[in-house]
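The values are calculated or read from the model by the stated rules, or taken from the named source; none is laboratory data. Just so you know, these numbers come straight off a predicted model, no measurement behind them. Glycine gets a Cβ as well: all are built from the backbone with ideal geometry, and neighbour counts include every protein chain shown.
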Ligand code: URA
């Protein structure tokens, strides 16, 4: 079998046989197939897509590239949550502690920043000392003790996804339904889950721009889960404007802290509560979804979710005081305000442009080996629908290095549209699949 022939056949839109996909994934994971050939193959998949059979085989190969974590010694139903990628999307860090404090067991395996979207692992690592590379034994022990642990792909867990994920990020091959579906499902299934709640983002700041594509992605992931006997539920949610006000790793940890203390933005709080409720319900902590919503709300109001997050940070080597004393988090050294050119209503805040601006000042990666600057990002001062005065502050850009700031500021300015009339209200949760 020759890699170049498989790239050619996929480029021409042919379906590859299971052994051919296995050859590609195994060869790449072992380092025998070089990045440039895998990049070409990924680009061919972006253009030509994959059949259901190909996606299932790809997911299984990625899953088989590492160990399957056996959590059978941890009592309870294991339920996780994953987003397909958004801007300012820190719901995992709110929903998971809420669900865990209600009794759900949450083995959370997360990704890094991808394209213009943020990654849960990078956000967690903005907390000084926080380790996300727990061994499998440590992961299991922490779940027994706290019901919640955060890890990423390692050499042990879904290593193929780890390598493909960073390659896709640097080769403009992120926006593909089969590649996103297999990436998410392979790492989720590797940690022995029983159920998954998916947040499938749609809109300017999402990889899926149209609801019909988001629905296909949700259905594809639900199908992969079903074939492996897992319960999967997907919410399709709006990602036209950033979620909450904060975009950038340490800035988002600050907003998570405020939200877990019931002082967060309305949209972020609402979506996090709904995701937590669905995790609690799928985790069979309550009989009905309605009861689960009440439980999630009570865990927010009585501070249990907040305390749970602190305990988990401490258990993973981080300093939990960062949630009360933001000066202990990495802080930016420079700040630029962006002003409204006229009075009116904010009708658009393009989440993709805000995400790209954050990457330009260091919150994300341009190439797979780039490091992240945890301190930088954007804080919105307004949300869509709000009234602004001419010269009013629309947002603040936080940076530590001057290079990239000019271009980032232009992107941020372009992201805002100010109209004479208030825009139509948009639903945050658009659809439920599964
Ligand atoms: N999240 C993932 O884990 N993988 C993707 O491909 C996109 C979002």
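For the stretch 195-251, a residue qualifies if it is in contact with a helix residue (DSSP H, G or I) (Cβ under 8 Å, 6 or more places away or on another chain), part of a loop (DSSP other than H, G, I, E, B) and under 17 Å from residue 59 (Cβ atoms), and the qualifying residues are 228, 230.
Residue 247 meets the conditions (1) at pLDDT 95 or above; (2) closer than 25 Å to residue 103 by Cβ; (3) buried (at least 24 other Cβ atoms within 10 Å of the Cβ) in every case but one. The failed one is (2). Within the stretch 162-171, the set of residues being in contact (Cβ under 8 Å) with a residue 60 or more places away in the chain and more than 8 Å from the ligand (Cβ to nearest atom) comprises 163, 164, 166, 167, 169, 170, 171. The residues of the stretch 105-118 that are over 15 Å from residue 246 (Cβ atoms), assigned to a loop (DSSP other than H, G, I, E, B) and within 10 Å of the chain's Cα centre (by Cα), listed by number, are 111, 112.
Any idea how many residues of the stretch 133-161 are more than 16 Å from the ligand (Cβ to nearest atom) and either surrounded by 18 or more Cβ atoms within 10 Å (Cβ to Cβ) or part of a helix (DSSP H, G or I) (or both)?
Initial filter on the stretch 133-161 (more than 16 Å from the ligand (Cβ to nearest atom)): 133-149, 155-156.
Of the ones still in play, those that are also either surrounded by 18 or more Cβ atoms within 10 Å (Cβ to Cβ) or part of a helix (DSSP H, G or I) (or both) are 134, 136-149.
Of the residues in the stretch 133-161, 15 are more than 16 Å from the ligand (Cβ to nearest atom) and either surrounded by 18 or more Cβ atoms within 10 Å (Cβ to Cβ) or part of a helix (DSSP H, G or I) (or both).
With the checklist (1) within 30 Å of residue 406 (Cβ to Cβ); (2) without any contact (Cβ under 8 Å) to a residue 40 or more places away in the chain in hand, flag the one item residue 314 doesn't pass. Result: residue 314 passes all but (1).
Of the residues 294, 290, 274, which is part of a helix (DSSP H, G or I), in contact with a helix residue (DSSP H, G or I) (Cβ under 8 Å, 6 or more places away or on another chain) and either in the same structural domain as residue 132 (by TED's automatic domain parsing) or surrounded by 23 or more Cβ atoms within 10 Å (Cβ to Cβ) (or both)? Step through it out loud before you land on a result.
Numbers: 294 fails: in contact with a helix residue (DSSP H, G or I) (Cβ under 8 Å, 6 or more places away or on another chain); 290 fails: in contact with a helix residue (DSSP H, G or I) (Cβ under 8 Å, 6 or more places away or on another chain).
Within the list 294, 290, 274, the selection yields 274.
Of the residues making up the stretch 195-204, those that are under 12 Å from the mean Cα position of the chain (by Cα) and under 18 Å from residue 113 (Cβ atoms) number 2.
Among helices (runs of 4 or more DSSP H) entirely within the stretch 25-104, having at least 2 residues that are free of Cβ contacts under 8 Å to residues at least 40 places away in the same chain and crowded, with 16+ Cβ neighbours inside 10 Å singles out 35-48, 52-64.
Assess whether residue 179 counts as being in the same structural domain as residue 278 (by TED's automatic domain parsing), surrounded by fewer than 20 Cβ atoms within 10 Å (Cβ to Cβ), within 14 Å of the ligand (Cβ to nearest atom) and not in a strand (DSSP E or B). For residue 179, the condition - in the same structural domain as residue 278 (by TED's automatic domain parsing), surrounded by fewer than 20 Cβ atoms within 10 Å (Cβ to Cβ), within 14 Å of the ligand (Cβ to nearest atom) and not in a strand (DSSP E or B) - is not met.
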